[in-house]
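Input: a single structure, listed below in structure tokens.
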Amino acid sequence: MRIIIVIALASYLFVSCKKNDDANNDADFKQKLVDRKWMVTSDLEQDKSGNIVDAFKTWNYWEIDDYYIWYSSGKYVVNDGANFHPGSFQQILDSGSWSFKNAIITVSSLNSGGTHYPAEVKDVSRDTLKLEIEYTTRNVKAFVTLANIH
């Protein structure tokens, strides 16, 4: 009987610690993520067959200098950078609100009207952000790396 109680207690403590670790990771990730300028440096896409394509090579010159800011206030912006998109002279390409829970960034867009997919934070440091995004409409998974451009 004691063994069952010890196992039950150990299981409870493990689950409690795991939940606490998730909360701590969220707080840690969010602290490193917010109020910084993030620019995409790599965009690898994997299809359902496992084939990987370097999608970043197909980006246009006016797209590679765009940067993202997730503000601690819950707002985000996509800034056009120095090279404007053709026919556009606005600095802010997209903006809206965002949330972060269980290492998932969820964006709700105000400007673009496009589809935004939840992005799972795989790793974040002061200088690098690694995301995994499942594009269900295209049946691909993207592995995106962003650099903090200070």
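Tabulated values for the structure
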item: Across 101/141; 30/57; 75/141; 32/75; 32/141, pairs whose alpha-carbon gap is larger than 22 Å; result: 30/57; 75/141; 32/141
item: Cα coordinate range in the range 31-150, projected on the principal axes (Å, largest first); result: 38, 36, 28
item: Hz values of 3J(HN,Hα) by residue in the range 91-100 - Karplus curve (6.51, -1.76, 1.60), Gly and Pro given as x; result: 6, 8, 7, 7, 7, x, 10, 9, 9, 9
item: In the range 23-81, trypsin sites (Lys or Arg not before Pro) in a DSSP loop with at most 10 other beta-carbon atoms within 10 Å; result: 48
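Values in this text are rule-based calculations from the coordinates and carry no lab data. Bear in mind the structure is a predicted one, so any value in this text is a computation, not a measurement. Here the Cβ is made from the backbone with ideal geometry for all residues, glycine too, and neighbour counts use every protein chain on show.
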